[in-house]
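In what follows, a structure is listed as C-alpha cells, so that the remarks can point back to it.
The values are calculated or read from the model by the stated rules, or taken from the named source; none is laboratory data. As the structure is a prediction and not an experimental result, all values here were calculated from the model. Reconstructed Cβ throughout: ideal geometry from the backbone, glycine too, with neighbour counts over all protein chains shown. What goes into the accessible areas is simple: the full protein's heavy atoms, side chains included, and nothing from ligands, DNA or RNA. Shrake-Rupley method; radii C 1.70, N 1.55, O 1.52, S 1.80 Å.
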Amino acid sequence: MCRVLFAVGRGDEMPPLVDAFVMASEKDPYKEARGKGREHRDGWGYVLFKDGNVRHYRSLRPVFEDIDAVESLKSELEGFVVLMAHSRAASQGSKNLFNTQPFGFSTRRGFSYWIYHNGDLDKGKIIEMAEFEEKDLESASDSYAMAAYLCRRLESFEASELLKHYSALAKTAKTSFNTGTLFLGSDGTAAGFVTAYSKPLYIMNPKNWDYVRQNVLREDGLFAVGSSTLELYFKAEWKPVVNGTAFYVDIDFENEAFNVKELVLG
C-alpha cells in the first residue's frame, strides 16, 4: 500500500506537508509495525494545478531519493494551488512507470481527471463491473483498473454521480479504498473528490487501522487529507477521518476559492 496527500488552497502552507509526505514514505512506523518494512519505494508522482497550468510528474525513483524533483515541486508552492501526491508500495501490478500514480484520464463525456488510490481492491471484480477484458489488464494494478472503470462509467463529476460509482468501488475493497481525484471540465469547472474507506473486518486490527487511516487538516485557506503517517512528521491539527467519508471539493480557480462538502459512501 501507499502514502497519499491531497491539498487545496494556500500553496505557501504546503511545503511542510510535502516534507512530511517524503519522510512518511521513507520511514513509516505504522507499516513497520505490521512486519512489512518501513519504506514506500516503488515510485511516486504528483499533480500540481497552479496559475492555469498543470504539472503531472511520475518517477520510478523513491520519493526520498528524488530530491531534485521534490525541491522543484516545493519551489512552485505559492499562491492558490491544488496538489495531489502518491508514493507507492506495490501490492498488485508490475513495478513500472505505467502503474506509478497519480494516473491521468480523459473521458468521452468532456472532462479529464487525475487520480490516486491507496489500498488493495478486487481487481477481477472491477474488470467484471467495467466489462473489460482481463487479458488487457494482466500487468496493470488494481488501482489502474479502478481508474479505468471510472473513465468508462462516469457520466459527469457531479457529487451524486461520483458518490454512486465510488460507493460501488468501495465494495471491492480487500483492505482500503482511500482515493484522491481532481476533475477538470471542458468548460473550466473543477472539483476534487477524496474518499477514506477501509473494510471493517480489516481495521478490527488496530495496527491495520493505524496504517490505512486518513487524516484531515482544516486551516484558514487550506484543506488537506493525507495518510496517517504524515501526522508523525508534521505537527498540526490533524483529525482522523470517519471511515466511509467522502469529501467533495468545489474548486474555483478564477476566484482562488474552494468549498468542501462532507458525504458518506453508501
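Taking 27 Å as the limit for the C-alpha separation, the pairs K27/K74; K95/K199; K50/K135 exceed it in the case of K50/K135. Taking every alpha-carbon pair under 8 Å whose residues sit at least 6 apart, the chain reaches a relative contact order of 21 percent. In the frame of its principal axes, region 143-266 has Cα extents of 45, 35, 22 Å, reported largest first.
For region 3-264, a simple Cβ point-charge model (Lys and Arg +1, Asp and Glu -1, everything else neutral) yields a dipole of about 1000 debye relative to the Cα centre.
Using the Cβ-Cβ distance between V242 and S59 with R0 set to 45 Å, the FRET efficiency works out to roughly 0.85.
Cross-link partners of K31 among aspartates and glutamates, defined as those whose alpha carbon lies under 16 angstrom from its own and excluding same-chain residues fewer than eight positions apart: E39, D42, D120, D210, E231. With each label modelled as a point 7 angstrom along the Cα→C-beta vector, the R109-D51 pair spans 3.3 nm. Modelled spin labels at E161 and K207, positioned 7 Å past Cα toward Cβ, are 4.3 nm from each other.
With a Förster radius of 41 Å applied to the beta-carbon distance between S186 and D68, the computed FRET efficiency rounds to 0.75. At the residue level, W209 shows approximately 70 square angstrom of accessible surface with a 1.4 angstrom probe and all protein chains present. Accessible area per residue was computed with a 1.4 Å probe on protein heavy atoms; H56 scores about 80 Å². Using the 1.4 Å probe convention, the accessible area of region 3-264 works out to 42 Å² per residue with neighbouring protein chains retained.
If the chain linking K135 and E39 were pulled fully straight, counting 0.36 nm for each residue of separation and taking away their Cα-Cα distance, it would gain 31.5 nm.
Loop-located trypsin sites (Lys or Arg not before Pro) in region 160-238 (DSSP state not H, G, I, E or B) with no more than 10 neighbouring Cβ atoms inside 10 Å: K235. One chain, two ends: R152 and K171. Fully extended at 0.36 nm per residue, the span grows by 5.0 nm beyond their Cα-Cα distance. Maximal additional length on extending the A257-Q92 stretch stands at 55.7 nm, based on 0.36 nm per residue less the C-alpha distance.
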